[in-house]
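The structure appears below as structure tokens.
The values are calculated or read from the model by the stated rules, or taken from the named source; none is laboratory data. Quick caveat: nothing in here was measured; it's all calculated off a predicted structure. No Cβ is skipped: glycine too gets one built from the backbone with ideal geometry, and neighbour counts run over all protein chains shown.
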Amino acid sequence: MKALTILFSLFTFQSLIFGATEKPNVLLISIDDLNDWVGCMGGHPQAKTPNIDRVAKMGTLFNNAHCQSPVCNPSRASMMTGRYPHTSGVYFLSPDLKEAPVLKNLKTMPEVFADHGYKTMAAGKIYHTRDHRFFQSYKPTGGFGPRPQKKISQPHGHPLWDWGVFPDDDNLMPDTKCAKWAVDQLSQKHDKPFFMGVGFYRPHVPMFATKKWFDMHPKDKIKLPAVRSDDLKDLSQYAIDLTNLEHVSPTHEWVTGAGQWEHAVQSYLASVTFADHCLGLVLDALEESEYSDNTIIALFSDHGFHLGEKERWAKRSLWEDGTRVPVVVASPGHKLGQKTNRPAELLDVFPTLLELAGLPADSTQEGQSLVPLMKNPQREWNHPAITSFGLGNYSVRSTRYRFIQYFDGSRELYDLSKDPHEWKNLIDNPKLEKVIQEHASFIPQKQHPILPGSSTGHKAYAAAKKKLNK
């Protein structure tokens, strides 16, 4: 485990003295629906993620990174094109990014690298769907994986919403297949620098993993997330409706009433540990390969995930649990083991990789290169993270605060330095009016209309708006 860190350290010294002479390879790693339940992020005291922590020791952990939308498709479309949802109109699970007029003719991240002489390849989930369109070679690995004939824990609702021990062999899991594909690619000789995407599906539902990963998180010792019974009393009804109406996840009332809360949290933790294990296989292969001293690693998740916080489950919220994601960038020539609490966005990954690879910057992209923070994690940084969930619903996250403004005009403000659970809405505190105005100034004035679709997000947005107008 220490060897790859040592190699990065050695190459850092060599590149500073002699300068890098080759184009670096890029290893882009996605872990689907992973929130901050990561060892180095401290989101849950029982999280076991030695390999994500390992990557963090090799580079810079962006500890205050956030998605552009708390839904898979718009989040990934935004990251891979460098455009906000409010620029593209892709706010929800549909439409596909190529169906959006603003994005249709844009080159996405691997396509830009291909134009500059890179061999591009991927397995698993990097985009929301149809990844093969964007890479020169692509290996499908089986989507969300095998499912039992009958649901294990959650008998109703969406077919993917279930959790528990299944199957009995890790080799049946798509993430194992994805990791083995990456291991094989890293053992081969490549005549060009490569851009490799490795997209793991867990801990996305169904939260299935084999028994050994559950055994690492005994159910009778599970610590549940902190929840207050009066948490929602200082929120508008619209904010509550937007995050609860028409969603496919089970209600918190059902999960607790069915006695499934501990089991679901156990299943999520087990799924995270399994995904982390698959990541470790890839890191070991990189360490043993000829590419170990000249490969940039960028690790991310597409959005956060609630497991009972604010009495809700899954994604699709503008609170910390819905937007905060792990982002780690490790690059030869940069310092090891750094952490910054300056706000970062998934939108920033694209320009960051361009700069690290020595490729031309694209001034039309809406994100910021994070390289300045890799050089000085504590520098001044006036670039808050902006997240949206439908037209008119925005969160602005700075180093200390989260400001939310909803379609109905209701607002929230949280001081994360004192209130990490976002239990106390400070929006009516007159002493914070300047803070509120500063954050509100980042709400985009120009907002693309929502592109048509029939996804859950479209339905939730419409339902909340309809109820508001009654």
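For the reader, a short list of remarks on this structure follows.
- Residues considered: SER137, SER153. Of these, the only one that is more than 23 Å from PHE194 (Cβ to Cβ), in contact (Cβ under 8 Å) with a residue 12 or more places away in the chain and touching a strand residue (DSSP E or B) at 6+ places or on another chain (Cβ under 6 Å) is SER153.
- Verdict on SER229 being at pLDDT 95 or above and of a type in the set (S, T, N, Q): no
- Residue among GLN338, GLN266 that is more than 26 Å from ASP175 (Cβ to Cβ), modelled with pLDDT of 95 or more and touching a strand residue (DSSP E or B) at 6+ places or on another chain (Cβ under 9 Å): GLN338
- Restricting the range 122-138 to residues that are within 22 Å of the chain's Cα centre (by Cα) and in a loop (DSSP other than H, G, I, E, B), the residue that is nearest to ALA298 (Cα to Cα): ILE126
- The set of residues from the range 240-255 being within 15 Å of HIS156 (Cα to Cα) and either crowded, with 17+ Cβ neighbours inside 10 Å or within 25 Å of the chain's Cα centre (by Cα) (or both) comprises GLU246, HIS247, VAL248, SER249, PRO250, THR251, HIS252, VAL255.
- Residues of the range 267-313 that are surrounded by fewer than 23 Cβ atoms within 10 Å (Cβ to Cβ), of a type in the set (A, V, I, L, M) and assigned to a helix (DSSP H, G or I): LEU281, ALA285, LEU286.
- Residues of the range 147-197 satisfying the condition of being buried (at least 20 other Cβ atoms within 10 Å of the Cβ), more than 20 Å from ALA123 (Cα to Cα) and acidic (Asp, Glu): ASP162
- Summed over the range 9-52, the residues that are within 17 Å of ASP302 (Cβ to Cβ) and modelled with pLDDT under 95 give a count of 0.
- Flag for GLN445 being closer than 23 Å to HIS383 by Cα, under 25 Å from the mean Cα position of the chain (by Cα) and among the polar types (S, T, N, Q): no
- Where a residue in the range 332-349 is crowded, with 20+ Cβ neighbours inside 10 Å and its partner, wherever it lies, is basic (Lys, Arg), with Cβ under 6 Å and at least six apart: PRO343/ARG397
- If the condition is being closer than 17 Å to HIS439 by Cα, hydroxyl-bearing (Ser, Thr, Tyr) and surrounded by 17 or more Cβ atoms within 10 Å (Cβ to Cβ), then the range 356-408 contributes THR387, SER388, TYR394, SER395, SER398, TYR401, TYR406.
- Residue satisfying all of: in the range 53-92; touching a residue at least 60 places away in the same chain (Cβ under 8 Å) and in contact with a Cys (Cβ under 7 Å, 6 or more places away or on another chain); farthest from TRP381 (Cα to Cα) among these: SER75
- The residue that is surrounded by the most Cβ atoms within 10 Å (Cβ to Cβ), counting only those in the range 422-459 that are out of contact with any Lys or Arg (no Cβ under 9 Å at 6 or more places or on another chain) and of a type in the set (Ser, Thr, Tyr), is SER455.
- For the range 328-379, the tally of residues that are in a loop (DSSP other than H, G, I, E, B) and among the aliphatic types (A, V, I, L, M) stands at 5.
- Residue count for the range 153-184 under the criterion of being more than 24 Å from the chain's Cα centre (by Cα) and within 14 Å of ALA209 (Cα to Cα): the result is 8.
- Residue among LYS339, LYS335, LYS310, LYS315 that is of a type in the set (Lys, Arg) and within 13 Å of the chain's Cα centre (by Cα): LYS315
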